[in-house]
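The values are calculated or read from the model by the stated rules, or taken from the named source; none is laboratory data. Source: prediction; values computed, not measured. Ideal geometry is used to build each Cβ from the backbone, glycine not excepted, and the neighbour counts take in all protein chains shown. The accessibility values were calculated without ligands, DNA or RNA, using every heavy atom of the protein model including side chains. Shrake-Rupley method; radii C 1.70, N 1.55, O 1.52, S 1.80 Å.
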Amino acid sequence: MEFILNNIKYRIHDNGSEVSVIPNDYKGDIVIPAYVQYDGDLWIPVTTIAYAAFRDCEELTSVSLSEGLSTIENRAFERCTSLKEMIIPDTVLSIQSNAFSHCRSLEKIKLPSMLRHIDYDMFWGCESLQEIDIPPLVKAIESHGFYKCTQLKRISLPDGLEEIGRYCFA
């Protein structure tokens with residue numbers, strides 16, 4: 001079941017107990033709430049930014065994500081070329097591949113403290129990204145994680161980091 005509320009498109013999961021933000025033509029500043037009201041009195045938590053939900057939304061300037069979100073799927077923000085900053089709540093446990101690839105205006109991002117790995121191609125082509133702090137639980141940064149991040153001047157790596165993939169910082 002899909003529905004639109006405050007210009008954000010959602011899909012109710014099969015179990016009916018959570019929803020995902022799904023693709024639409026998003027522009028400007030977007031606020032993703034922790035819960036959405038559906039069918040009168042039913043409040044459902046927003047847990048996922050679905051595959052390619054904001055992909056190619058070139059006029060998207062900011063997205064505020066609420067606590068309770070747990071997953072950002074593949075290509076969720078790919079090619080959001082006007083997106084400059086992102087703060088990801090600490091409830092997010094998984095950010096999948098290419099989530100922010102080709103966000104060429106992205107200058108600053110705060111990753112969630114419980115994140116355990118940087119998936120492949122996650123920040124490919126984020127040419128304006130200047131600095132990033134990798135959370136302390138991250139054990140691996142997959143291949144091409146920060147490929148073509150040409151302005152990256154500072155990165156803090158956690159003590160427990162075990163693997164840096166091929167061409168990660170090429």
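Listed values, structure above:
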| quantity | calculated |
| --- | --- |
| Qualifying residue in segment 81-88 (condition: farther than 21 Å from VAL19 by Cα, of a type outside the set (Gly, Ala, Ser), open to solvent by less than 60 Å² (accessible area, probe 1.4 Å) and in a loop (DSSP other than H, G, I, E, B)) | yes |
| Residue list for segment 106-129, restricted to those being more than 17 Å from LEU93 (Cα to Cα), open to solvent by 80 Å² or more (accessible area, probe 1.4 Å) and out of contact with any strand residue (DSSP E or B) (no Cβ under 7 Å at 6 or more places or on another chain) | GLU127 |
| Where ARG166 falls short, out of the listed (1) out of contact with any Asp or Glu (no Cβ under 8 Å at 6 or more places or on another chain); (2) basic (Lys, Arg); (3) surrounded by 15 or more Cβ atoms within 10 Å (Cβ to Cβ) | (3) |
| Number of the exception - VAL138 against (1) among the β-branched types (Val, Ile, Thr); (2) open to solvent by less than 50 Å² (accessible area, probe 1.4 Å); (3) outside any loop (DSSP other than H, G, I, E, B) | (3) |
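Condition check ((1) closer than 22 Å to SER128 by Cα; (2) buried (at least 20 other Cβ atoms within 10 Å of the Cβ)) across all residues:
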residue	(1), (2)
ASN15	no, no
ASP29	yes, no
GLN37	no, no
SER66	no, no
PHE77	yes, yes
